[in-house]
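S.K.: Dropping a structure here in structure tokens format, bear with me for questions.
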Amino acid sequence: MNKNISGERRTVSRSEQRIPKLRTRGRENRRKLLAEAERLLLVSDGSPIKFSDVFEAAGVSRGSAYRIYIGIDDLLQDLASEWLNNFVIYLKAAEPEEPPETWAQLSDFVVRRAAGYWGETADTLRVLPRIRSSALSSYSAAVRAVGDCLAEIFDRFFVVPEIPGWNSKMAFYTQICDITFADAVRGEGHISEQRVTEAATLARTYLAFYLPTWLPARSRTGT
């Protein structure tokens, strides 16, 4: 885990760990490989893609591609992790117009915010289930980063009691939205208001197993 220029915490991909000082050309090649992998996944209709297909279509030499990624699994892991890292930044970039009075209101705000991101990245969302099926470790780490982010958001507004494994529970909260929105995008092509309501209801129901109905609000100074 490290921080980007804006101070946001994000999961470092294996390619970034392997080349901590990736030069400008290397960063551009990484961008090309990620974009081409996503495009090929979308047009492959579920068929496996090869690493050689990706770097050849991206116009990146074999040697340069293998300096960035071990192979196709490594690249797909990076694609999924990047999507979640950007989601963390997206979540933290907005504040409710008014401080929520209850944690349920905050939950609804977070779910609606998530729906906005899922909608804006619908193409990537369509291929992510195929990536997740490989149980990639970097993706799992990125899911945990989302859980940490959500725990911080709730703690910003409310005094949350000590709950064992709270951050992990918040990561699962994210997956509840993920399942709902992914199903909507695959089946209906968009995320309707009904689907947002469905996800919000499921998320509140899940949190109600761990949170009391009312939580003390943080003061405006965060103390």
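Every number here is computed from the coordinates shown, using simple stated rules; none is lab data. Because the structure is predicted, anything quoted here is derived from the model rather than measured. Methodologically, a virtual Cβ is constructed for each residue, glycine included, from the backbone with ideal geometry; neighbour enumeration extends over all protein chains shown.
S.K.: Listed highest first by mean packing, meaning other Cβ atoms within 10 Å per residue, what order do 49-55, 193-199, 72-78 come in?
M.R.: Ranked from most to least packed, the peptides come out as 72-78, 49-55, 193-199.
S.K.: Can you give the FRET efficiency to the nearest 0.05 for Phe209 and Arg186, using r as the Cβ-Cβ distance and R₀ = 35 Å?
M.R.: Values: r = 28 Å, r/R0 = 0.80.
Between Phe209 and Arg186 the formula returns 0.80.
S.K.: Full-extension gain between Ala141 and Ile70, please, as 0.36 nm times their residue separation minus the C-alpha to C-alpha distance. Spell out each step's value before the answer.
M.R.: Values: separation 71, 0.36 × 71 = 25.56 nm, distance 1.86 nm.
That pair, Ala141 and Ile70, stretches by 23.7 nm at full extension.
S.K.: Then there's this: So, R0 is 22 Å and r is the distance between the beta-carbons of Asp53 and Arg126; what FRET efficiency does that work out to, to 0.05?
M.R.: Efficiency, from the Cβ-Cβ distance: 0.75.
S.K.: Now a separate question. If neighbour count is taken as other Cβ atoms inside 10 Å, put Val88, Val159 in order from fewest to most. Mind showing how you got there, number by number?
M.R.: Details: Val88 22, Val159 10.
By the 10 Å Cβ count, ascending: Val159, Val88.
S.K.: Stretch Ala35-Ser219 to full length: gain in nm at 0.36 nm per residue minus the Cα-Cα span? Mind showing how you got there, number by number?
M.R.: Working: separation 184, 0.36 × 184 = 66.24 nm, distance 4.36 nm.
Length difference between fully extended and current span is 61.9 nm.
S.K.: Which order do Asp123, Asp183, Asp108 fall in if you start with the one that has the fewest other Cβ atoms within 10 Å?
M.R.: Numbers: Asp123 12, Asp183 15, Asp108 20.
Lowest count first: Asp123, Asp183, Asp108.
S.K.: Order these by the 10 Å Cβ neighbour count, fewest first: Tyr117, Tyr210. List each step's numbers first, then the result.
M.R.: On the way: Tyr117 19, Tyr210 15.
The fewest-first ordering by Cβ neighbours comes to Tyr210, Tyr117.
S.K.: Further question: Do any GluC sites (Glu not before Pro) in region 60-125 lie in a DSSP loop with no more than 10 other beta carbon atoms within 10 Å, and if so, which? Walk me through the numbers before you get to the answer.
M.R.: Values: sites: Glu82, Glu97, Glu101, Glu120; in loops: Glu97, Glu101.
Filter output for region 60-125: Glu97.
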